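Each reported figure results from applying straightforward, stated rules to the coordinates on display, with no laboratory input. Note that the coordinates shown come from a computational prediction; the quantities given were computed from them, not determined experimentally. Here Cβ is always computed from backbone atoms with ideal geometry, including for glycine, and neighbour counts include all displayed protein chains.
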Amino acid sequence: MILRLENLTHTYKTAGLEARTVLDIGMWSLGEGIQLLVRGVSGSGKTTLFNIIAGLLRPTTGEVYLGEQALYRLPEAVRDRARAQKIGYIFQTHHLLPAFTALENVIMPLQFAGTLPASHRAEWAKQLLVQVGLGDYLHHRPSQLSTGQRLRVAVARGLANQPSLILADEPTAALDPDNGAVIMDLLQTACRQTNATLIVASHDPALADRFDQQINLHAGKITAMPPIGERKLHAL
Amino acid sequence: MRYDFFLAWRGLRARPVQTLITILIIGLAVGLPLAVLSLGDGARQGIIRASDPFGVLVVGAKGSGQQLVLSTILLQGNPVGNIPFTVYTDLQADPRAALTVPIALGDNIGGARIIGTSVDLLELRPTVNDPPTFRIAAGRFFTSDFEAVLGSSVARTLGLQLGDTFYAAHGTGRGLATDLHDEAAYSVVGIFENTTSPFDNAVFTSVASVWEVHEEEEGAPPSLLDSLEIGAAAETDQITAILVKPIGFIEANQLWQTFATGTVAQAAFPGQELGALFDLLGQGERILTAVGILVMVIAGLTVFLSMYSAIAARQQTIAIMRGLGGNRITIFRVVIIESLLVMLIGTLFGRAVGYGAAFIVAAALSQQSAIPIPLRFLPSLEPLLWLLPLSLGLFASLIPAYQAYRVDVVEHLFPS
C-alpha cells in the first residue's frame, strides 16, 4: 500500500464556537499506481483530507502512513522533505510563485527535495515544461500566462520529483471542459508512466469515468461509491 | 545554501522600490559617518603635511599662538600683527638658530598671497635627511626686487608663465582690477614644484618688494583700500613672522622661553598649536560620529520595518514554499539573508557615498583654504563599518524571520 489512513479525525476548534469535526475516517488505504477520484460537496472535508495526507495539517487523532512511514511521527523538517520527495501537490488555485518564472517554479520542489543533482535540475524542469506544452514559456512569469498555462506549470511542478503520490485538488475547476480534459490527460498519463498514485478531488461528474476508483466524502466520512462498471450500467 | 541566496535575491527584487529606498537609507547612514571620519582624517593629514615643510618654531607678533601658526604655516586667516625686522636680524645672529626664514605677508594676485621672504626658504626641509621642500620646477629663484616665484597651483590657475608680469592687488581677497597696486609690476622668474601645502597657492618675492609696494603709497591720504590691507606687512621695517629652525631641541625650548618672557614677539611650536586644533576637530568628529551611529540605528529600524511588512505581505508565498517542501529553517534563513543582503549592498553603496562625498567636500575645501585634504582608505574603520550595519541587519531581521518561520501553511494556502 502506498497510502494508509488509520483512525483519522480532524476537529476545528474556534474560540466561542462549538468544536467541529470535519474529518472522521477509520481505516482506509490505497494501492500503488491507483487513480482515485474523491468527490464531495464543498465543506465535505476534501481539502482538509489532502492537507493531512500531504503532511501539512496534523490530524487531531490518527496517523497517515506513506508506504511504511508514519508521517506525523517524523520531525517536521523531515516531514517537509518527505513531502517534497514523495508527494506532488497540485493546488486548486495552482499557487505559482508570482516573482518566479515558470521554470523557476518547477525547479523549486527539486531544490527542496535535493534528490536530483543540482546540475540536472534546470534541464529536468525544462523537459517537464516541454512535456506539458510550455516549452516556449519557460521564462514567463505566472502573470504572463493564461489560467490553463498556469495549471500546466503547476502540473509540471507537481511531477518534478517523480513522486509516488500526487494530490490534485480541483485541478480543472477553473477550466473549460476541453482544457480540463487536456490537463487530466497530462496528469493521468504522467502518473501511469511513473506508476504514481493519483488522488484527484473534483466536483466534476464528467471525470468519474477516467478513474480506477472513487470515493465520496460526506461530512468528513467516506461513503461507498458503486464500482465504476455498475455505475455505467445504471446510466444505461 | 546557494539556493537560499537565490530566494533571498528574488524576494528583494519582488519589491524593488522598498529595497532601493532601504539601500539608499543604509547607504546614507554608512556614508555620513564615513565621510565625516574620512574628512577629519584628511584634514589632520593635510595639516600635518602642510606643517611639514617648516622649522619647528614660528616667531610672530604677541597674541594667539594658534592664529600665528595658522596664518603663517597654513596661510589661513590674518596674522596677529607684525614684528620689527630687527627680531629677524637678531635671530640670524643667534647661534641657537640654524636657519631663519622671514615671512612678510603682502598683497595678492588672483587670491594667491604674495609673500616676502629670502633665499633661505630653499633650505627648508621636513628633516635633515629630506630633500628641500621648495624646489624650482622652472626658471630660477628671485634675485632682485619685483621678481616673483610662483607656487605650482598659482601658475596653473592663473595661467602665468615665466617672463609674464602682473600687478599685486590690495589685501588678501581676490583682487579686482580697480584695486591694483599698479605702481610696480612683478615679473615671473620661477615656478616651484608642487609641495602639497598651502604655499602652492602663494607667490614668493623679496621682503623689500612687499615693502616697496607700500612705501610708494606713503604720503597719500588713507583710503578704504588701505584699511582693507589686513594682515599685510605694510610697514617697511616690519615683517609678519619668522620661521626658525633651532640647532637642537634644547635650543628650541630656550628660544621659545626667550620670546615668552619678552614683550616684542612670541614663539610657537606648530605641533602644539595644531594639536589644540586637532582636539577641536576631534570634538566635532565625535559629535558627528554619534549622529552617524544614530542614523545607522534608524537605518536598522528601516530594515526591520521593510522586512516586517515584506513578510506580512508574503505569507502566502512562504506558505507555498512550505507546501512544496521548504522547511521552516530554510524560510528563516532566507529572511535573514535578505536582510543581510540589503545591509551589504547598502554598506557598499555607503562606501561610494562616504568616500565620494568626502572627495567632493575635500576638493572644495582644499580649493577654498589651500590646505590639501588627502583622503585615504581607513582600514581601522573597516571592522566597525562592516560589523555595525551587518549586526544591525541581523538584529533587525530576527523578528521578521521568526514571523516567517511561524507562518501557518494551511491558513495561508487556503484562506477560506
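Counting only Cα atoms, the protein assembly as shown measures 135, 46, 46 Å along its principal axes, largest extent leading. Estimated from helical segments only, the mean residue ellipticity of chain A at 222 nm is -11000 deg cm²/dmol, where each DSSP H run of four or more residues counts as -39500 (n - 2.57). To the nearest 10 degrees, how steeply does helix A:147-159 sit against the main Cα axis of chain A, on a 0 to 90 scale? Relative to chain A, helix A:147-159 is tipped by roughly 80 degrees. Each label was represented as a point 7 Å from its Cα along the Cα-to-Cβ direction; for A:Thr194 and B:Asp90 these points are 10.3 nm apart. Hey, quick one: spin label on A:Glu76, modelled 7 Å out along Cα-Cβ, who in the range B:321-359 has an amide N within reach, i.e. under 19 Å? Backbone N within reach: B:321-337.
3J(HN,Hα) along the range A:39-53: 10, x, 6, 4, x, 7, x, 4, 5, 4, 4, 4, 5, 5, 4 Hz, from the Karplus curve 6.51 cos²θ - 1.76 cosθ + 1.60 with θ = phi - 60°, whole Hz, x for Gly and Pro. Panel note: the C-alpha atoms of the range A:42-81, placed on their principal axes, show extents of 31, 18, 17 Å (largest first).
Once Rg and the Kirkwood radius are both taken over the C-alpha atoms of the range A:127-204, their ratio Rg/Rh works out to 0.94.
Largest mean-square fluctuation among B:Gly300, B:Gly275, B:Gly262, in a Gaussian network model of chain B whose springs join Cα atoms under 10 Å apart, belongs to B:Gly262.
Placing a label point 7 Å from the Cα of B:Leu387 along the Cα-to-Cβ direction, the residues of the range B:280-294 whose backbone N falls under 20 Å of that point are B:286, B:289-294.
Here the label points at B:Ala313 and B:Thr165, each 7 Å from Cα along the C-beta direction, are separated by 7.4 nm in the simple model.
For every other residue with a beta carbon closer than 14 angstrom to the beta carbon of B:Phe377, add +1 if it is Lys or Arg and -1 if Asp or Glu, then tell me the sum. Its environment carries a net charge of 0. A convex hull fitted around the alpha carbon atoms of the range B:282-416 yields 116 Å³ per residue. Put a plus charge on the Cβ of each Lys and Arg, a minus charge on the Cβ of each Asp and Glu, and nothing anywhere else: the dipole of the protein assembly as shown about its Cα centre is then about 5060 debye. Translational diffusion coefficient of the range A:160-230 (Stokes-Einstein, Kirkwood radius from Cα pairs, 10 °C, 1.306 mPa s): 120 µm²/s. Label separation (B:Thr157 vs B:Asn129): 3.5 nm, computed from points 7 Å beyond Cα along the C-beta direction.
Scalar couplings 3J(HN,Hα) for the range B:242-248, obtained by applying the Karplus form with A = 6.51, B = -1.76, C = 1.60 to θ = phi - 60°, are 9, 9, 10, 9, x, 6, x Hz; x denotes Gly and Pro. Between amide H atoms placed 1.01 Å from N, distances below 5 Å from A:Gly88 occur with A:Leu165, A:Ile166, A:Leu167, all of them 5 or more places distant or on a separate chain.
Taking every lysine pair in the protein assembly as shown that is 8 or more places apart or spans two chains, those with Cα atoms closer than 26 Å amount to 9. Residue-normalised convex hull volume from the C-alpha trace of chain A: 140 Å³ per residue.
Stokes-Einstein, applied to the Kirkwood radius of the range B:334-375 over Cα pairs at a viscosity of 0.890 mPa s and 25 °C, places its translational diffusion at 205 µm² s⁻¹.
Think of it as helices only: each DSSP H run of n ≥ 4 in chain B is worth -39500 (n - 2.57), and spread over all residues that comes to -18000 deg cm²/dmol at 222 nm.
Tabulate in residue order the Karplus-calculated ³J(HN,Hα) for the range B:273-284, using 6.51 cos²θ - 1.76 cosθ + 1.60 with θ = phi - 60°, rounded to whole Hz; enter x for Gly and Pro. For the range B:273-284, the Karplus curve yields 5, 6, x, 5, 5, 4, 4, 5, 4, x, 4, x Hz. The angle separating the long axis of helix B:328-369 from the principal Cα axis of greatest extent in chain B is about 10 degrees.
Can you pull a Stokes-Einstein diffusion coefficient for the range A:53-141 at 20 °C (1.002 mPa s), Rh from Kirkwood over Cα pairs, as a whole number of µm²/s? For the chosen part, D equals 147 µm²/s. Enclosing the Cα atoms of chain B in their convex hull gives a volume equal to 183 cubic angstrom per residue.
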